[in-house]
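Q: I am attaching a structure below and will ask some questions about it afterwards.
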Amino acid sequence: MRRVSSALLAALVVLSGAPAQGAEQCKGGRVYMTIDTGHMEPAEAIAEILRKHAVRATFFLANEPTKRGDTSLDPSWAPFWRRLAAEGHAFGNHTWRHWYFRRDVGPDKVAYVSRDGQTEVLDQLGFCAELERVQAAFKEMTGRTLDPIWRAPGGRTTPRALQFASRCGYARHVHWSPAGFLGDELPSESYPNETLLKRALNTIKANDILLLHLGIWSRKDPFWPQLEPLVAGLKAKGFCFATLAEARS
């Protein structure tokens, strides 16, 4: 079989109307869409928007209660996570229980606090066990491991939590950029979708890390439907989307 030259292949791609790999110019630079777990009601719709616009995101996984009565890392969600993994998204650790790291305790522990004030004091082994439960569940569902990145719930860390996470194999903690805070956690009465969308399109810049959730319980008018005009608007401005796994390369 004759080998097709790269020049001829490129010409055939152009004639067919399909985009050549790497042809997107990214004149505005890269941005990084990160999506944390939530009540999961819009999970499939958000995934479909990403699929439609060929956007690969970075998901941060915790085992959170869902609107259908299970949890986000329950085996019933395996088809969802498997498909996202097959589509080339990246995945980081967001802790198993989605509690908050409030303060360092004594010489070698960290306080891990629930939303209702329950406190557990974790040492290094306990901290790693909390993260390992996410890793084990994800690997069982998808056959692959998480990327070596994590995000503390609420973005709240302590010096010791960062140290512990690094020893557990998660040396990189990922926050979000000020302009990348999309506001889907804010009350819609004070921060309507149109305002949040306009602000994002006007302020996001190259290398920003964006933050969205797979469902927020408290917001009355969900922001996630604005993901489609947000992605389209950023692409129109010349931005490209990449995963945080790609950001390391």
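The values are calculated or read from the model by the stated rules, or taken from the named source; none is laboratory data. This one's a predicted model, so the numbers in the text were calculated from it and none came from an experiment. Please note: Cβ atoms are built from the backbone with ideal geometry, for glycine as well, and neighbour counts cover all protein chains shown.
Q: State whether one or more residues within the stretch 10-30 are assigned to a loop (DSSP other than H, G, I, E, B) and either within 20 Å of R219 (Cβ to Cβ) or at pLDDT 95 or above (or both).
A: no
Q: Looking only at the stretch 190-224, which residues are touching a residue at least 24 places away in the same chain (Cβ under 8 Å), surrounded by 14 or more Cβ atoms within 10 Å (Cβ to Cβ) and not in a loop (DSSP other than H, G, I, E, B)?
A: N193, L196, L197, A200, L201, I209, L210, L211, L212, H213, W224
Q: Under 6 Å between Cβ atoms, at least 6 apart or on separate chains: pull out the pairs that start in the stretch 24-44 with a residue that is over 16 Å from T243 (Cα atoms) and free of Cβ contacts under 8 Å to residues at least 24 places away in the same chain and end on any residue that is among the hydrophobic types (A, V, I, L, M, F, W, C) and exposed (fewer than 15 other Cβ atoms within 10 Å of the Cβ).
A: From the stretch 24-44, no pairs qualify.
Q: Within the stretch 83-93, is even one residue within 30 Å of G183 (Cβ to Cβ) and over 19 Å from the mean Cα position of the chain (by Cα)?
A: no
Q: Tell me which residues, restricted to the stretch 73-110, are free of Cβ contacts under 8 Å to residues at least 12 places away in the same chain and assigned to a loop (DSSP other than H, G, I, E, B).
A: Listed by number, the residues that qualify are D74, G106, P107.
Q: May I ask you to say which residue of E87, E120, E130 is acidic (D, E) and under 30 Å from G233 (Cα atoms)?
A: E87
Q: Which condition number in (1) of a type in the set (K, R); (2) under 15 Å from the mean Cα position of the chain (by Cα); (3) over 20 Å from H89 (Cα atoms) is the one that R172 fails?
A: Condition (3) is where R172 drops out.
Q: Could you pull out the residue among T145, T157 that is surrounded by 14 or more Cβ atoms within 10 Å (Cβ to Cβ) and not in a strand (DSSP E or B)?
A: T157
Q: Could you give me the residue pairs with C-beta distances under 8 Å whose first residue belongs to the stretch 111-130 and is within 24 Å of G169 (Cα to Cα) and modelled with pLDDT of 95 or more, whose second residue is outside any helix (DSSP H, G or I) and among the acidic types (D, E) wherever it lies, and which are 6+ apart or on separate chains?
A: Sorted first by the residue in the stretch 111-130, then by its partner, the pairs are A111/D104; A111/E120; Y112/E120; V113/E120; D123/D108; Q124/D108; G126/E120.
Q: Which of (1) under 28 Å from F127 (Cα atoms); (2) crowded, with 16+ Cβ neighbours inside 10 Å is the odd one out, the single condition R167 does not satisfy?
A: (2)
Q: For a quick check of your reading of the model, give me the residue pairs whose first member lies in the stretch 230-249 and is modelled with pLDDT under 95, whose second is of a type in the set (A, V, I, L, M, F, W, C), with beta-carbon atoms closer than 7 Å and at least 6 apart or on different chains.
A: Cβ pairs passing all conditions: A245/A90.
Q: Take the stretch 97-127 and flag every residue that is among the hydrophobic types (A, V, I, L, M, F, W, C) and touching a strand residue (DSSP E or B) at 6+ places or on another chain (Cβ under 9 Å).
A: Correct list: W99, F101, V105, V110, A111, V113, V121, L122, F127.
Q: Residues V105, V110: which one is in contact with a helix residue (DSSP H, G or I) (Cβ under 6 Å, 6 or more places away or on another chain) and over 28 Å from P42 (Cα atoms)?
A: Result: V110 is the single residue among V105, V110 that is in contact with a helix residue (DSSP H, G or I) (Cβ under 6 Å, 6 or more places away or on another chain) and over 28 Å from P42 (Cα atoms).
Q: Go through (1) modelled with pLDDT of 95 or more; (2) in a loop (DSSP other than H, G, I, E, B); (3) under 20 Å from A247 (Cβ atoms) and name the single condition L50 misses.
A: With (1) modelled with pLDDT of 95 or more; (2) in a loop (DSSP other than H, G, I, E, B); (3) under 20 Å from A247 (Cβ atoms) applied to L50, the lone miss is (2).
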